[in-house]
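Scroll down for the structure; my scribbles are underneath it.
The values are calculated or read from the model by the stated rules, or taken from the named source; none is laboratory data. All of these numbers come straight from a predicted model, not from anything done at the bench. Virtual Cβ from ideal backbone geometry, glycine too; neighbours counted across all protein chains shown.
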Amino acid sequence: MTNTRMIRYMMFFLVLLYIFVSPFLWPPLVFSQEYRIFDYFSTETNPEAKAYIKSVDTYHTNKVMNWIHNKNYDAALSDLQFALKRFPNHPKALMLIVTYAHFTNSPNMAMPYYERAIKLFPQHAITYAQYGTYLVDIGIVQIGIERLKKAIEINPKLSIAYKWLSEAYIKKGDIELARKTIEKAKELGLNVQDSSK
């Protein structure tokens, strides 16, 4: 047997051995982009998250309005997705995804981002409040009201949730509840005008 033929047989044998044995020795290779997921509101107590949010905001979140202004919607979406994959409940990025949805005439596209944020970090009232007012704005009023009520349940002192809930009641046509809700916002110190009059 020649050396070349022997080398070919050995390589063939090694390939077969690798194919049949490797799944039992270590997990298969997965070609995916891995990234850490952080709670945006942990950035004050988590040094890793604090350092990372600065980078994410500098290189992604803070560029989005400029992209939208210049009608570079692909770049805007790319930066928003980058931020929201890593900080799903990032309030500014969530607000900006709504702005993006408005400018691209795709009003419902922000919903999965809010759903993911709430699924991963259900303890933060502001996420529910932002989601609620967004839903009301796109005409899903009753579910928006439920999200706003959940925000108030989590944090009864979140005055902006009362203001947005008042606006939702106005949109629904329930002026009396709107008045009561806006009064609560005023009691909590929010400087607002009663728009139910």
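Pairs are defined by a Cβ separation below 6 Å, a sequence spacing of at least 6 or placement on different chains, a first member in segment 140-169 that is modelled with pLDDT of 95 or more and of a type in the set (S, T, N, Q), and a second member that is buried (at least 23 other Cβ atoms within 10 Å of the Cβ) and not in a loop (DSSP other than H, G, I, E, B); the pairs so defined are S166/T181; S166/I182. The sole residue among I138, I143 that is within 25 Å of N89 (Cβ to Cβ) and touching a Pro at 6+ places or on another chain (Cβ under 8 Å) is I138.
Screening the candidates P91, P107, P156, P112 for the property of being closer than 30 Å to Y35 by Cβ and loosely packed, with under 15 Cβ neighbours inside 10 Å yields one hit, P112.
Of all the numbered requirements in (1) surrounded by fewer than 16 Cβ atoms within 10 Å (Cβ to Cβ); (2) at pLDDT 95 or above; (3) among the acidic types (D, E), D174 misses one, and that requirement is (1).
Could you tell me whether D39 is among the charged types (D, E, K, R) and in contact (Cβ under 8 Å) with a residue 60 or more places away in the chain? Show your work before the answer.
Values: among the charged types (D, E, K, R): yes; in contact (Cβ under 8 Å) with a residue 60 or more places away in the chain: yes.
Taking the combined requirement at face value, the residue satisfies it.
When Y73 is tested against the conditions (1) touching a Lys or Arg at 6+ places or on another chain (Cβ under 9 Å); (2) modelled with pLDDT of 95 or more, the lone failure is (1).
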